[in-house]
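To keep things clear, I will list the structure first and then write my remarks on it.
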Amino acid sequence: MQTVLLAVESDEATSSQLRKDLAALTDEEIVVQKREGLGGMVADFIMVLQATAPIVAAMVPFIIERARQKKVRRVRFGDFEIDNPSDEQVRALWERFLAANTERKT
Amino acid sequence: MAVSERALELLVGAALPTGAQFGRENFAGDPLVQRFCEWAKEMLKVEVNIFVSWSCPPDVSILTSSGVNILIRSERFDTLLVEYLHLKDAASPRNPLTDLVLPPATLRWMAEFLLGYRWPQAALYTAIRAHELRIDPRPPNPFRDEALASVDEVQRVALQCFCLGHELGHLLPSQYDAPSLDTKVDGLSLSRHISRDIEEGGAAPVAEQMMAQARSSIDALNLLREIDADLIALELVAVFVANTLGVPAKEALQVALTAYEAQSFLYATKHTCALLRRYAGRDDRAEFTREDWIAGLQVSVRARCVLRRAGFLLSRWRAGDEKQTAATIDAMFLESIEFRNDLATVAQGETEHLLNTLPALNAQEGRPFFDSLIETARSDSEVRLDLFYMLIAMGFPGGTDPIGWLEHLFEMQQAGS
């Protein structure tokens, strides 16, 4: 089964907690990388993993909850991404990703 | 820790915007930059995988995770720095056209940063305004090799290496147990730098309130880490330039400081664009002003620390009197103060204009606003050419249709609203 790139950008505490939550759902490696740039703004923490669609689907509610708390700076499912999403926008993004990938298969 | 190339590519891809292209940096055409990276890694005793990105807005960043360090270098950022340098040369005090030259240049950079922040309607408005105000018959050179060749080697190496040195500097661990704005760097506390900035800004009567605001808003550890990275970059670049290109210490520091100045302004402008995205079309003007001031204050504190360190370095390398070398560095700083003040004033003015003009990010007016702008671009071949050159400079393929790409970006943004 094809895998999906999942990336969630947030602060350090959110990233760390999300990683723990998602690690319970998969044996796939979950990496949290810190990104620092030239601008001096507080660093972003990007949680990255590749997993099959059903596994990522199981993770989406955890991401939606963090988005509801306004803790998500960016989320990406494959080639679909959005900045500073609301919980509804995360849900909509995942549905758009699924719809697009279903179309690709047909 | 050995990590597969595929795993590294996954991490890089996840950190870049969708659609960005990237690859292992092979430094083709930049042998001195390669030498600098190898030497700097050895000096700092760090290991890092270096990638280069294109077809995406300009940025330079470092990614760190357990045992893996990745530096992502943007091809476009080098040429942005070159453009800053040319603007500085063009906008000399003796040039009567300075007031006409600064706004279009600033707006063009803002347009690129706004594209990076996925706000195509704002980017298009800004790009069209830049085009309307431009007095130079030609847009900036979009071709990287030609742009880099237009700057003398010593300054070019400093421009290209400073940001890399800064990011490599981030790989060294922090050394602060209890960081605060009272932490000292080279004998002066950050709060002392802030006080001076407030006084020099003419705000002495409200200094106490402003300092309180600074204390409650600034992440001191983050600021200290950025200052550390700046200071590491300053010394690395100056030493490398002096030893590799055989220039005297004073000139080496001067080109390093110019590189820092360019990088600093461009990233401050980028941050202003991030704030515009958050606050345009909303009633939070006071909050925008506050956040913008806090960001600017940190830029100023970093610059003060860099200048102070430059003075100490010159003193050490020339075994001169500290007051004398401080005066030398001050003179370097003051030489272009008129340009920097004029540029800051222009940037502030254009920011104000955009804040008053742009509809909020997800406002309903966004679509008719964008549609009107895209029609302007579609019907004006010069505007289309300008947009095309902007995308080429960012590394997009030559066949990219700027109108089509902006429309696609807008639809993606609307779909996410």
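Computed from the coordinates by the stated procedures, all read-outs in this text should not be read as laboratory data. All figures in this text were calculated on a predicted structure; none of them were measured in a lab. Neighbour counts run over all protein chains shown; Cβ positions are idealised from the backbone, glycine included.
If we count every other residue with Cβ under 15 angstrom of residue B:74's Cβ, Lys/Arg +1 and Asp/Glu -1, where does the sum land?
Residues close to residue B:74 contribute a combined charge of -3.
At 0.36 nm per residue, and after removing the present C-alpha to C-alpha distance, how many nm does the segment from residue B:97 to residue B:293 gain when stretched out fully?
My answer for the length gained is 67.7 nm.
Please list, in order, the residues from the range B:151-190 whose amide nitrogen is less than 14 Å from a point placed 7 Å along the Cα→Cβ vector of residue B:221.
Once the point is set 7 Å along Cα→Cβ of residue B:221, B:173-181 turn out to lie under 14 Å by backbone N, inside the range B:151-190.
For residue B:39 and residue B:175 in the same chain, what is the full-extension length gain: residue separation times 0.36 nm, less their Cα-Cα distance, in nm?
Net length gain for the segment: 46.6 nm.
Please arrange B:166, B:131 by counting, for each residue, the other beta carbons lying within 10 Å of its beta carbon, fewest first.
Lowest count first: B:131, B:166.
Which of the lysines could a cross-linker span from residue B:250 if the Cα-Cα distance has to be under 16 Å and same-chain partners fewer than 8 positions apart are dropped?
Output for residue B:250: B:323.
I'd like the antiparallel share, as a percent to the nearest 5, of DSSP beta bridges with both residues in the range B:5-74.
Around 65 percent of the beta bridges assigned by DSSP in the range B:5-74 are antiparallel ones.
Arranged by the count of other C-beta atoms within 10 angstrom, fewest first, what order do B:198, B:62 take?
Listed from fewest to most nearby Cβ atoms, that is B:198, B:62.
What list do you get for B:170, B:353 if you sort them by fewest beta carbons within 10 Å?
Ascending number of Cβ neighbours within 10 Å: B:353, B:170.
Among the chymotrypsin sites (Phe, Trp or Tyr not before Pro) in the range B:100-167, which ones are in a DSSP loop with at most 15 other Cβ atoms within 10 Å of the Cβ? Mind listing them?
B:143
Counting only other chains, what is the mean number of Cβ atoms within 10 angstrom of the Cβ of each residue in peptide A:40-50?
6
Roughly speaking, what % of Cα-Cα pairs in the range A:39-106 are separated by over 19 Å, rounded to a whole number?
33 percent
Over all alpha-carbon pairs of the range B:5-74, lay out the pair-distance distribution in 5 Å bins, whole %, shortest bin first.
Histogram of Cα-Cα distances, whole percents per bin: 4, 15, 28, 26, 18, 9, 2, 0.
Averaged across the residues of A:26-37, what count of C-beta atoms belonging to other chains lies within 10 Å of each residue's C-beta?
Rounded to a whole number, the mean comes out at 6.
For the protein assembly as shown, which semi-axes, largest first and in whole Å, follow from the square roots of 5 times the eigenvalues of its Cα gyration tensor?
Square roots of five times the eigenvalues give 36, 28, 24 Å.
What full-extension length gain, to one decimal in nm, is calculated for residue B:324 and residue B:371 as 0.36 nm per residue of separation minus the Cα-Cα distance?
11.0 nm
For chain B, what is the convex hull volume of its Cα atoms per residue in Å³?
Spelled out: Cα convex hull of chain B, divided by residues, is 157 Å³.
Leaving out same-chain residues fewer than 8 places away, which aspartates and glutamates sit with a Cα under 12 Å from that of residue A:71?
Reachable aspartates and glutamates: A:9, A:11, A:12, A:44, A:83, A:87.
Taking Cα atoms, how many degrees apart are the long axis of helix A:12-23 and the longest axis of chain A, rounded to 10 and kept between 0 and 90?
30 degrees
Calculate how steeply helix B:322-335 sits against the longest principal axis of the alpha-carbon atoms of chain B, using the helix alpha-carbon long axis, and give the answer as 0 to 90 degrees to the nearest 10.
The helix B:322-335 is inclined about 20 degrees to chain B.
Normalise the Cα radius of gyration of the range B:331-406 by 2.2 N^0.38 Å (N = residues in it) and let me know the number.
Computed over Cα atoms of the range B:331-406, the ratio equals 1.52.
Helix B:220-245 sits at what angle to the longest principal axis of chain B, using alpha carbons and giving 0 to 90 degrees rounded to 10?
The angle comes out near 80 degrees.
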